[in-house]
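Trainee: Supplied in structure tokens, the structure appears directly below.
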Amino acid sequence: MPTSYAYDTGGEQARQRLGSLEAWLDPGTTRLLGSLGVGPGWRCLEVGGGGGSVAAWLSERVRPNGYVLATDIDPRFLVALELSNVEVRKHDILNDELPEGAFDLVHARAVLEHLPARQEALRQLVTTLTPGGWLLVEDADFVSFVPGSGDDDADGALFRKCCAAIQAARGARRQIMADSSTVPFWPRDWSTSGRRAASRSPRADRS
Ligand SMILES: C[S@@+](CC[C@H](N)C(=O)[O-])C[C@H]1O[C@@H](n2cnc3c(N)ncnc32)[C@H](O)[C@@H]1O
């Protein structure tokens with residue numbers, strides 16, 4: 001299955017881009033992870049871990065006996081973490097295997113939204129959960145991606161430009177853009193075996 005990830009994954013620009021994403025999104029992510037009860041002993045899977053801030057947060061949170069498997073198609077920034085309870089794996093969620101029934105928490109942020117075959121990726125992620133385990137997916141909701149009332153400064157101008165480009169693409173390729181949100185993403189026919197799912201669209205953090 002083609003991976004189709006469009007961005008550069010290494011180098012200085014990639015590091016900066018991932019750092020900006022982390023600075024913007026980590027407060028909401030860690031608040032939500034905390035509310036799910038992530039704590040000592042949990043076994044966690046961080047998919048498409050990027051710059052590694054969430055893997056590092058999980059590592060601290062699950063000590064002393066918990067474990068984090070952090071994956072990415074390009075894991076160079078995850079390797080640099082060098083944390084004793086974090087295993088780093090070069091892994092493509094669309095093509096590579098993962099252990100079944102192994103994780104109390106599976107987290108993927110700003111990953112599935114990039115993958116045309118995201119439903120397949122989701123299916124694979126669900127199989128990795130323990131019964132009662134949590135799947136937390138955070139993705140942009142491009143369908144309702146519009147400027148808000150606080151977007152009239154310089155950053156807002158750039159944001160409005162991005163929104164306009166997205167709306168234009170949406171007009172031209174309506175179905176693709178309508179499909180680009182993974183929220184709500186949980187197909188009704190899936191057997192959940194007591195597994196639980198949460199999702200968040202990070203745009204909400206801009207308020
Ligand atoms: C926008 S970044 C988000 C990084 C991190 N999850 C975060 O929110 O800070 C997307 C990440 O997904 C990774 N990625 C893209 N396609 C992937 C795939 N098929 N399997 C696993 N990781 C993938 C990229 O290398 C990149 O690190």
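Just so you know, all these numbers are worked out from the coordinates, no wet-lab data involved. Because the structure is predicted, anything quoted here is derived from the model rather than measured. Cβ placement follows ideal geometry from the backbone for every residue including glycine, while neighbour counts extend to all protein chains displayed.
Trainee: Radius of gyration and Dmax for segment 1-129's Cα atoms, expressed in Å?
Mentor: Both quantities, over Cα of segment 1-129: 13.8, 38 Å.
Trainee: I've got another one for you. How far apart, in nm, are two points set 7 Å out from the Cα along the Cα-to-Cβ line at Leu32 and at Thr127?
Mentor: 2.5
Trainee: Taking 25 Å as R0, compute the FRET efficiency from the Cβ-Cβ separation of Asp155 and Asn85 and round it to 0.05.
Mentor: 0.10
Trainee: Ranked from highest to lowest mean number of other Cβ atoms within 10 Å per residue, what is the order of the peptides 42-48, 95-101?
Mentor: In descending order of packing, they fall as 42-48, 95-101.
Trainee: Give me, ordered by chain and number, the residues 5 or more places off Leu69 or on other chains with an amide H under 5 Å from its own placed amide H.
Mentor: Those lying under 5 Å, H to H, from Leu69 are Cys44, Leu45, Glu46, Glu87.
Trainee: Using each residue's phi in segment 51-68, evaluate 6.51 cos²θ - 1.76 cosθ + 1.60 at θ = phi - 60° and report the 3J(HN,Hα) Karplus result to the nearest Hz, with x for Gly and Pro.
Mentor: Couplings: x, x, 5, 6, 4, 5, 5, 5, 3, 5, 5, 8, 4, x, 10, x, 8, 10 Hz.
Trainee: With 5 Å bins from zero, work out the P(r) of segment 22-62 over every alpha carbon pair and list the percent per bin.
Mentor: For segment 22-62, the pair-distance distribution reads 6, 23, 36, 26, 9, 1.
Trainee: Continuing with this model, one more query. Which log10 I(q)/I(0) values does segment 71-113 give at q = 0.15, 0.29 Å⁻¹ under the Debye formula, counting every alpha carbon as one identical point scatterer?
Mentor: -0.43, -1.31
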